[in-house]
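Below is one structure, written out as C-alpha cells; comments come after it.
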Amino acid sequence: MYQALRPSRSEFVPVRNLSYHVRLWGQPSDKRPPLVLVHGWMDVAASWQFVVDAMEEDRFIIAPDWRGFGLTDGGGVDNYWLADYLADLEWLLDHYASEGPDGEGARQIDLVGHSMGGNVAMHYAGVRPQRIRRLVNLEGFGMPARKPDEAPARYGQWIDELKRLHRGEMALAGYSAADGVARRLMKTNPRLTPDKAAWLASHWSVNHAQPDGSERWQILGEAAHKIVNAHIFRVDETLALYSRITAPLLMVEASDDSLHGWWKNRYTLDEFHERLKSVGNARIERLEDAGHMLHHDQPRIVARMIEAFLAA
C-alpha cells in the first residue's frame, strides 16, 4: 500500500449545524496564506495526499470533506445544493483564515479545486473575490447550457429521483472486501496504480461488519448526491460570477478530453474556453498523459504546476 510522506491530521469543525471533517497538513504561518484544497463529487479530502506528498515546500494546507462525503455529516437531507458548498467554505475560512469571529480580519487564501470542487471554487471566487489570492481549477468545467423550456421536465426528474431514493433504489454499491473498492477505483481510472488504489480505498470507504462476521465495505458518500439538481444550469449566472473573479486563475485540463467523454458534442472544451473569457486573468494549461483524476495520475506534475503558479 502507498505510504504517505506527509500524513495529515484530522479535525472536526462546527459548520452550519454539521460536524465538518477537515484534513490539515503543516502549521499556520504569517508568511504565506493558507492553501485550501477542495475535492470533487464522490471523492474525499484524502484524495489530495499524493499531491501534498509531491510538493517541495511545506504549506499550511486545509482540505475538507464536503458535506455528505468522507467523515463529514450529511445532515439527513435527501438532496444537495451547490450554494451550500459556498456557504460551508465561507464558514471554514472564517474558522481557519480569519482573526476574529464571523470572518473579521479575514486573510486571503490560495484556493485549489478539482472537478465539482473546481466549480465551487470558481463560484466562491466570484462571490467573495477579496478572499482569494490565487485560484487553481483542475478539470472543473461546469455544465452544458440548458434552455428555459427544459425546466418543467427537470423538476419532474428531480421529484422522480427523490422518490427512487426514498424507495432505496439509489443506494451506493457495497463491497465484500477493501480490495473490491480498490478495483472499483482502478476500473474508473485505469492509470491509478494498485498501491495508490489500496490507500485511497482505505479512506474512501468504511467496513460495516455484518451480523455473521463478514465484511461490507461502503463508500463514504451519501446516495442523495446522485439526485439531479432541480434547477437547470444557467450560463448567464455563471458568467456573471466569473466576471467578478479578481484572483489570477490557473485552469488545468487533462489530455483526456473529459467533456467529450461525458457530453460528446453537447458541451465542448471550446465552449468552456469561451466562458473563461469572462475571467479577467486566466491561464489554461494542458496536462499530458492524464485523465479527469489528474491529481492521481500525475501528482508530481500537478504539485509543480500549483506551486509555480502560487509563487508567480
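Numbers below:
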item: Region 257-287, residues that are assigned to a strand (DSSP E or B) and either under 21 Å from Ser243 (Cα atoms) or touching a Pro at 6+ places or on another chain (Cβ under 8 Å) (or both); result: Ala282, Arg283, Ile284, Glu285
item: Boolean, Val120 is surrounded by 13 or more Cβ atoms within 10 Å (Cβ to Cβ) and either under 19 Å from Ala230 (Cα atoms) or modelled with pLDDT under 95 (or both); result: yes
item: Residue satisfying condition, being within 19 Å of His21 (Cβ to Cβ), at pLDDT 95 or above, touching a Gly at 6+ places or on another chain (Cβ under 8 Å) and surrounded by 19 or more Cβ atoms within 10 Å (Cβ to Cβ), within set Val38, Val136; result: Val38
item: Selection status of Ala151, of a type in the set (A, V, I, L, M), buried (at least 16 other Cβ atoms within 10 Å of the Cβ), at pLDDT 95 or above and in a helix (DSSP H, G or I); result: no
item: Top-ranked residue of region 261-312 - restricted to ones that are of a type in the set (Phe, Trp, Tyr) and touching a residue at least 24 places away in the same chain (Cβ under 8 Å), ranked as nearest to Gly118 (Cα to Cα); result: Phe272
item: Residues located in region 1-41, provided they are closer than 14 Å to Tyr85 by Cα, over 17 Å from the mean Cα position of the chain (by Cα) and outside any strand (DSSP E or B); result: Arg16, Asn17
item: Selection within region 81-140 - among the aromatic types (Phe, Trp, Tyr) and either over 21 Å from Val44 (Cβ atoms) or within 12 Å of the chain's Cα centre (by Cα) (or both); result: Tyr85
item: Residue that is surrounded by the fewest Cβ atoms within 10 Å (Cβ to Cβ), among those in region 154-176 that are assigned to a helix (DSSP H, G or I) and of a type in the set (D, E, K, R); result: Lys163
item: Hey, Leu192 touching a His at 6+ places or on another chain (Cβ under 6 Å) and under 22 Å from Asp289 (Cβ atoms) or not; result: yes
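Residue-wise test of (1) in contact with a Lys or Arg (Cβ under 7 Å, 6 or more places away or on another chain); (2) of a type in the set (A, V, I, L, M, F, W, C); (3) at pLDDT below 95; (4) within 18 Å of Leu135 (Cα to Cα).
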site	(1), (2), (3), (4)
Thr268	no, no, no, no
Ala282	no, yes, no, yes
Asp297	yes, no, no, no
Ile301	no, yes, no, yes
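Yes/no matrix, rows are residues, columns are (1) under 30 Å from Ile109 (Cβ atoms); (2) in a helix (DSSP H, G or I):
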residue	(1), (2)
Asp179	no, yes
Gln218	no, no
Ala224	yes, yes
Asn229	yes, no
Leu241	yes, yes
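The values are calculated or read from the model by the stated rules, or taken from the named source; none is laboratory data. All values derive from a computational prediction rather than experimental measurement. Note that each Cβ is placed from the backbone with ideal geometry, even for glycine, and that neighbours are counted across all protein chains shown.
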